[in-house]
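The values are calculated or read from the model by the stated rules, or taken from the named source; none is laboratory data. The structure displayed is predicted, hence computed values, not measured ones. We place every Cβ from the backbone using ideal geometry, glycine too, and count neighbours over all the protein chains shown. With ligands, DNA and RNA removed, areas are computed over all heavy atoms of the protein, side chains included. Shrake-Rupley method; radii C 1.70, N 1.55, O 1.52, S 1.80 Å.
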Amino acid sequence: MLPGLLILAVFVFWPLIYSIPLAFTDYSVVGDMHFVGMKNFQKAFSDSDFIAALKNSIQYVIIVPIIQLISLAFAVALNQKMRGVKVFRTLFYFPVITSTVAVSIVWSWLLSSGGLINKILLGTNILSEKISWLSNDQTALWVLMFITTWKGVGYYMVIYLAGLQSVPGELTEAARIDRASSIQIFFKILIPMLKPQVVMCSLMSVMSAIKVFDEPFVLTKGGPGNSTLTASLYIYQKGFQNFDFGYAAALSLILSVIILFFSLFVKLYNRKK
Amino acid sequence: MNRKIKKTFTYLILICISVIMVGPFLWLLLSSLLPNTNVYDFPYNVKLQSFSISNFTGVFEFVDFGSYIWNTVLISGASVFLNALIASMTAYPLAKLNFKGKDILFTIIISAMIIPSTAAMVVNYLTITKLGLSDSYLGVILPTSVTIFNIFNMRQAFLNIPDSIRESGRMDGASELRIFFSLIMPMVKPSIAVVVLFQFMASWNDFLWPMIVLNSTNKYPLSAALTMLNGQFAYNFGWVAAGTVLSILPTLFIFVLTQDMFVDGVSGANKG
């Protein structure tokens, strides 16, 4: 137990503890550390880039209910006894096991203005002209949200599948005899039965949505403009490109408080129900 | 009859979703097997004789892909082994032993999950540099050698094991360590499989932290090398596609190996 706690202490708790005093300094690689009081926090709230980044990170939370509903639906569909179910499970899970880098390379090709997606949409007359999905500030963030959803549903699907195994089959059978529709069964029986899993998955999903970093980092670097800049990406830029460690620490503290707030909200919301 | 239609319909929808989920990868595979691919020229003019593995040999010959793969194997292997061992050893007392402050300790550990990883990264980078570990594999591996997620997972698995097992071991005169390794550990195999799979995926696919710690690009793992490759050889779609396919295969392999234990392991973790 000790080696585990030691590693956690150094690489998990020390960052948390140390970033608090760090946030009140102007520490960077060059020069000494000075105490600057609340200056970093005052700067943060008048920093229009950071505000834009926060807005994008919070917009990202929209995908949480969407991911959860889709992965629940997938899990229910693949919990039936039918041939080939295992193959489908593997196929649906496939995007989860691949790296964000690999996924990003494929999607950046597919989504570029001369790419396959545009060809399909033009060919079927859904679009009348090409859209460069990732370099258009109206679409870029939504496209990233789509890719995150696509990559994430399999992950939660497996957790729900595991949960469904403890739901007795007689329950849905009985409902079906009472002529409940599949949709009624889904919302009135399965979701309440899976509540512990739904709460846990929503929590994880909310946290990773606000913290989102990989997709914008690899695919758009925050652009065009600030349209896909997220809070984590901005903290990274401040810390590792400007080496403004004190300011980066202050921004992380603000982000941590926001994440805490959202997590508490998810927890309380579910308790009330 | 009605049933048959319903069944066909279900399969049809499932196949459509599969195309969305796996289609991009099949297209990637196809692109990697065609020499001189231009990914914007789809639909490709595919003839059976035009398939070749020249992109794959090219990647090994000109980009030294072999050494990137070796780097990745080293980093992920060490990380998986350490996580399976340390997470279990840390989680076991939290689940089974009685000591003061146990629940508080666990709550503190779990609540640390809210820290954004980029935030921790800044401080961890300073720590690694102070320890003199920058540009070393140890510097890459150490911060990820045990994760809270894995500790949580293993704790849930240990909670499901009845106390009587431990007592019977003690009656036979086995030491606490012996009980742990020869009685308890074999019982949590599915959860170990989950830890192995998730940790392997995480470290095999991680690119940011290795890129921060390692200054020498020849020490890069695959994902980091791939970002570099995509920048340098962006015009050579075939090579990038081949490299991407190669980077996916090992995780696919591990997933297929652990798949059967997988759903059991996840359900074990969620019972608590």
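Checked against the criterion of being over 30 Å from B:Ile254 (Cα atoms) and either free of Cβ contacts under 8 Å to residues at least 40 places away in the same chain or out of contact with any helix residue (DSSP H, G or I) (no Cβ under 9 Å at 6 or more places or on another chain) (or both), the candidates A:Leu141, A:Leu110, A:Leu127, A:Leu134 yield just one match: A:Leu127. For region B:109-134, name all the residues that are more than 7 Å from chain A (Cβ to nearest Cβ), over 21 Å from the mean Cα position of the chain (by Cα) and in contact (Cβ under 8 Å) with a residue 24 or more places away in the chain. Within region B:109-134, B:Tyr125, B:Ile128, B:Leu133, B:Ser134 qualify.
I'm trying to understand the selection: among the residues of region B:1-20, which are polar (S, T, N, Q) and either in contact (Cβ under 8 Å) with a residue 60 or more places away in the chain or surrounded by 12 or more Cβ atoms within 10 Å (Cβ to Cβ) (or both)?
We begin by selecting, within region B:1-20, every residue polar (S, T, N, Q); these are B:2, B:8, B:10, B:18.
Once the filter is applied, which keeps residues that are polar (S, T, N, Q) and either in contact (Cβ under 8 Å) with a residue 60 or more places away in the chain or surrounded by 12 or more Cβ atoms within 10 Å (Cβ to Cβ) (or both), region B:1-20 yields B:Thr10, B:Ser18.
Would it be correct to say that B:Ile75 is assigned to a helix (DSSP H, G or I) and surrounded by fewer than 16 Cβ atoms within 10 Å (Cβ to Cβ)? Criteria not met by B:Ile75.
The set of residues in region B:94-117 that are open to solvent by less than 50 Å² (accessible area, probe 1.4 Å) and in contact with a Lys or Arg (Cβ under 8 Å, 6 or more places away or on another chain) comprises B:Leu94, B:Ala95, B:Lys96, B:Phe106, B:Pro116. A count restricted to region A:91-134 and to residues that are assigned to a helix (DSSP H, G or I) and either within 19 Å of B:Leu246 (Cβ to Cβ) or within 22 Å of the chain's Cα centre (by Cα) (or both) stands at 21. Within region B:217-235, the set of residues being in contact (Cβ under 8 Å) with a residue 24 or more places away in the chain, more than 16 Å from B:Ile141 (Cβ to Cβ) and open to solvent by 10 Å² or more (accessible area, probe 1.4 Å) comprises B:Asn218, B:Phe233. Checking each residue in region B:124-167 for being small (Gly, Ala, Ser) and within 23 Å of B:Ile192 (Cα to Cα) picks out B:Ser145, B:Ala157, B:Ser164.
Is it the case that A:Val218 is free of Cβ contacts under 8 Å to residues at least 12 places away in the same chain and within 11 Å of chain B (Cβ to nearest Cβ)?
Here the answer is no, as A:Val218 does not meet what is asked.
Rundown of residues vs (1) facing chain A (nearest Cβ under 8 Å); (2) among the aliphatic types (A, V, I, L, M), yes/no style:
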{"site": "B:Lys189", "(1), (2)": "no, no"}
{"site": "B:Phe198", "(1), (2)": "no, no"}
{"site": "B:Trp204", "(1), (2)": "yes, no"}
{"site": "B:Leu208", "(1), (2)": "yes, yes"}
{"site": "B:Ile212", "(1), (2)": "yes, yes"}
{"site": "B:Thr217", "(1), (2)": "no, no"}
{"site": "B:Ser223", "(1), (2)": "yes, no"}
{"site": "B:Leu226", "(1), (2)": "yes, yes"}
{"site": "B:Gly238", "(1), (2)": "no, no"}
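Within region A:256-273, being open to solvent by 40 Å² or more (accessible area, probe 1.4 Å) and modelled with pLDDT of 80 or more holds for A:Val257, A:Leu260, A:Phe261, A:Phe262, A:Leu264, A:Phe265, A:Leu268.
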